[in-house]
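The values are calculated or read from the model by the stated rules, or taken from the named source; none is laboratory data. In this text, all values refer to a predicted model and were calculated from it rather than measured experimentally. Methodologically, a virtual Cβ is constructed for each residue, glycine included, from the backbone with ideal geometry; neighbour enumeration extends over all protein chains shown.
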Amino acid sequence: MRSRTKVGDGLFNVFNNTLLLLLGIATLYPFLNLLAVSLNQSLDTMRGGIYLWPREFTLDNYRLIFSNDRLFDSAALSVLRTLIGTGLSVICTIMVAYALSRREYMLRKSLNAIIVVSMYVNGGIIPIYLMIKNLGLTNTFAVYIIPGLIGAFNVMIMRSYFDQLPDGLVESAKLDGANEWQTLFRVVMPISLPVIATITLFISVGHWNSWTDNFLYNSKESLTLLQYQLMQILMQTTEQVSGGIGSGTDDAILNFTTPQSIRATMSMVVTLPILFVYPFLQKYFIKGMTLGAMKE
Amino acid sequence: MNKMFRLLVIVLVVAVVAGCSGGNNGGNGTAPTNKPGETNGGTQSAAPQEPVVVQMASLYPNLDANNPVMTELSKKSGFKFDLVTVTGDRNQKFDLWLASGDYPADTVILKPDYIKKYSDAGAIIPLEDLIEEHGPNIKKHFGEYFDLLKDENGHIWSLYVSNITDEPTPTMQSEFAVSYKMLEEAGYPELKTMDDLFNLLKDYYEKHPQTNGQPTIPFSGFSYNDNTYENATGPIFTTSGLENHGDLTIDENDNVRHIFTSEEAKTYLAFLNKLHIAGMLDKEFFTLKNDTMTQRLAEGRVLAGAFPSWYMQPEVEPVIRAAGNFDDLYAYFPLVFDATKPNKNFTAAATRSNWNWAITSKSKHPEEVIKLLDYMFTDEAQILINWGIEGSHYEVVDGKRVIKEEYKQGVAANPDLIWSEIVTPFYGTSMYFAHGTKLADGDYATPTTRDSVREKYDERTKEVLAEYGKEVWADFIPEVNFILHGLGQLGDVEEVRAEAERLKQIWNRDTAKIVFSASEEEFEKQWNETMRALEKAGIAKVEEAYTKLWKEATARYSHIGK
């Protein structure tokens, strides 16, 4: 009998491991492909056939991207925006969600309705632009943070989490003489760390990746973000190759790089910082999930 | 009581919000306009007056606004430039500018469709009076063709240069690419007609069904935007020597014909069908896009095909050259079906209207701006923006301008050098004279000349050219057909837009079926079916509408020099 279980176990292990390995490879492959393309000479990439390893290794693509003098400034600005934006946004979202989850709040139903409607209906790009302009937010740093401060979806996620917290928690805090602030920050927040960590991740990745607000509202060079800077490099190369604006004068001056290689390099430059930071944040996710269970 | 209270609070909140927003005047948010005379840093102006600041749209984010040519231009013209950069989705930005009024104070650079939008909205001003007063160089440059700038009401909305050159552009090349390998084996025959090509392909394919271990593909093609333009529609014009005006062509009586129902289209599709029946047409003829096509060409298996120069020159040739496979390159011949008919396909329009310059209605000093634009039409300015500064970028050798070696090497090593050395907001827009134009001093306006083009060729290419007794691919082209304007420059006719779209859809859907017919009878059947469908969709109406447009335009410009 022991030998049967051993064989069964062994087979299962082999099968399981192979399947998971294949899944892992399938998930990792696009990323590894991009890495290979970014390290391969661009004209050679156009010939096709690059899968996991670069055929003609070169650092030229990276050199082109890093030779852009505004790159580090805009990266610093991106980091600043992500930190400030995420911090403010999370706190505001918590406050709104908490208020909306209190059953005694009299505007609760109407505000909930307004927030849900706002997720589906908006004015379109030109009215939004006019509004931002009339608020005086064009060409400022604040336009990165203030308009997107409270996201309806995030509020709903957090509110549902607060809704399912046991009532006894808040009641006992009130009984002990806590006011609303203390209830929120000392009692409710510490046990909501999973949802707060999740929302923080959403918001911070959103801030890190965004470039449309830069493109639409800010035209000053000193306010460009990392993503927008990279987009500019990509646009420039695409224009010159595809016979757009720059190609008419100097015929066929193909640079070192082609749009495909630039896109791959851009993806690397943008993803790697997040990849490096993530392991350090991971422990907060795990911690939040196990912290502060309440015995009913 | 509770419900009432809640309702009351909501109403109050809404009222407060509405009241606050009512006081805000929606239209006061224009960006601050330039302050004349405001300079950044020290200005050394050779001009007698204080330099005027001109705020202009620039399409290049990498442009270093203080590069040597910009500084020199500032000095010589007496203007200072305040650049507002546009990147990313340009059309979206232009739409936003138009709606919010946030466009740069003095000039914008737009394509003709946006020029129309802006002029309809009153965002740009008509220029003909300004040019009369302050634009002598513009008038001189155009000469008798000046009226081509005007629209049907006599207004000039945007500026661009003319295309009247002394020599044809040396970078021109024909559409049909034929592999060097095949030519060499056949002893470099003279290829004039499509039948010559067919026989050559047949002979070579029989001897070499495989190349580098993979099947040889005698004839291939691709379409850039999934609209069968590059592989099925465009070559119809070139192989029958017709003028190419989009999907339309114009016959001797100034009548507009649609290409889809023409005899020439049937001839070309029959040719493709013949190739297919002989097993020589690429199976993926209708599904290849430009990057997959490039890969295929770089593998060296394709023997011939119709490929436009704007695709081969920047996207394919560098890849093949970088890999060192010079034998895989292609020669370009202007092949036709009937070599006795005159070939009017290589057209040159009299004006070059692409990214055009317009003066906005926000400008506080339009006369100054037109003076700047007028200055750009002088020889001095053209040398500056095309060649650079004498001594730094070019030197005069034996009375002719030559780009300096150091500068050339510098650009070859680092292509981004041009942004910090020579590029101005005028680069690549419709403000530089066409290649092949000669200036008053008898020398070329731009560095792109026959010699510069020849320099870029590799040794093998020069060998092949020498076998035919030519120096550049442009030498193969029969004479250039000079026309006053293309039908495309006159804009779309709104009333038949839906029909035109439907015709395109039918054509795109059916060409694959027609070309891949298994026999000649089936070809005839499919062709007739498509013709019936096109006629039902209103092809006659489209032809009529465009004929009317064309005849009106011709009448309007009939006084211009013949």
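Here are the numbers for the structure shown:
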quantity: Unmet requirement for A:Asp69, which otherwise passes all of (1) surrounded by 12 or more Cβ atoms within 10 Å (Cβ to Cβ); (2) not in a helix (DSSP H, G or I); calculated: (1)
quantity: Residue in the range A:55-64 that is outside any loop (DSSP other than H, G, I, E, B), within 14 Å of chain B (Cβ to nearest Cβ) and loosely packed, with under 14 Cβ neighbours inside 10 Å present; calculated: yes
quantity: Some residue of the range B:513-535 being touching a strand residue (DSSP E or B) at 6+ places or on another chain (Cβ under 8 Å), β-branched (Val, Ile, Thr) and over 19 Å from B:Gly246 (Cβ atoms); calculated: yes
quantity: Residue match in the range A:75-91 (condition: surrounded by 15 or more Cβ atoms within 10 Å (Cβ to Cβ) and at the interface with chain B (Cβ under 10 Å from one of its Cβ atoms)); calculated: no
quantity: Subset of the range B:87-103 (residues that are facing another protein chain (nearest Cβ under 8 Å), closer than 16 Å to B:Thr360 by Cα and in a loop (DSSP other than H, G, I, E, B)); calculated: B:Asp102
quantity: Number of positions in the range B:276-300 that are outside any helix (DSSP H, G or I) and within 12 Å of another protein chain (Cβ to nearest Cβ); calculated: 2
quantity: Contacts under 8 angstrom Cβ, first residue in the range B:66-85 being assigned by TED's automatic domain parsing to the domain that holds B:Asp106, partner among the charged types (D, E, K, R), 6 or more apart; calculated: B:Asn67/B:Glu421; B:Pro68/B:Glu421; B:Val69/B:Glu421; B:Met70/B:Asp64; B:Ser74/B:Lys80; B:Lys76/B:Glu380; B:Phe79/B:Glu368; B:Thr85/A:Glu221
quantity: Of the criteria (1) within 30 Å of A:Leu80 (Cβ to Cβ); (2) within 14 Å of another protein chain (Cβ to nearest Cβ); (3) surrounded by fewer than 16 Cβ atoms within 10 Å (Cβ to Cβ), which one A:Glu104 fails; calculated: (1)
quantity: Any hit, the range B:438-445, residues being within 30 Å of A:Arg63 (Cβ to Cβ), touching a residue at least 12 places away in the same chain (Cβ under 8 Å) and crowded, with 18+ Cβ neighbours inside 10 Å; calculated: no
quantity: Any hit, the range B:199-210, residues being closer than 23 Å to B:Tyr457 by Cα, surrounded by 12 or more Cβ atoms within 10 Å (Cβ to Cβ) and touching a residue at least 24 places away in the same chain (Cβ under 8 Å); calculated: no
quantity: Evaluation of B:Ala331 against (1) more than 11 Å from chain A (Cβ to nearest Cβ); (2) part of a loop (DSSP other than H, G, I, E, B) (one fails), failing number; calculated: (2)
quantity: Scope the range B:402-417; condition outside any loop (DSSP other than H, G, I, E, B) and within 15 Å of B:Pro68 (Cβ to Cβ); matching residues; calculated: B:Ile403, B:Glu406, B:Tyr407, B:Gly410, B:Val411, B:Leu417
quantity: Test set (1) surrounded by 15 or more Cβ atoms within 10 Å (Cβ to Cβ); (2) away from chain A (no Cβ under 14 Å); (3) hydrophobic (A, V, I, L, M, F, W, C) - B:Val396 fails condition number; calculated: (1)
quantity: Residue among B:Ser558, B:Ser517 that alone is exposed (fewer than 14 other Cβ atoms within 10 Å of the Cβ) and assigned to a loop (DSSP other than H, G, I, E, B); calculated: B:Ser558
quantity: Tally of residues being part of a loop (DSSP other than H, G, I, E, B) and over 24 Å from the mean Cα position of the chain (by Cα) across the range B:104-136; calculated: 10
quantity: Enumeration of residues in the range B:466-505 that are under 24 Å from B:Phe346 (Cα atoms), in a helix (DSSP H, G or I), free of Cβ contacts under 8 Å to residues at least 40 places away in the same chain and of a type outside the set (Gly, Ala, Ser); calculated: B:Asp475
quantity: For B:Leu83: the one exception among (1) over 21 Å from B:Leu372 (Cα atoms); (2) among the aliphatic types (A, V, I, L, M); (3) part of a strand (DSSP E or B); calculated: (1)
quantity: Residue under evaluation B:Leu269, criteria (1) surrounded by 18 or more Cβ atoms within 10 Å (Cβ to Cβ); (2) not in a helix (DSSP H, G or I), criterion not met; calculated: (2)
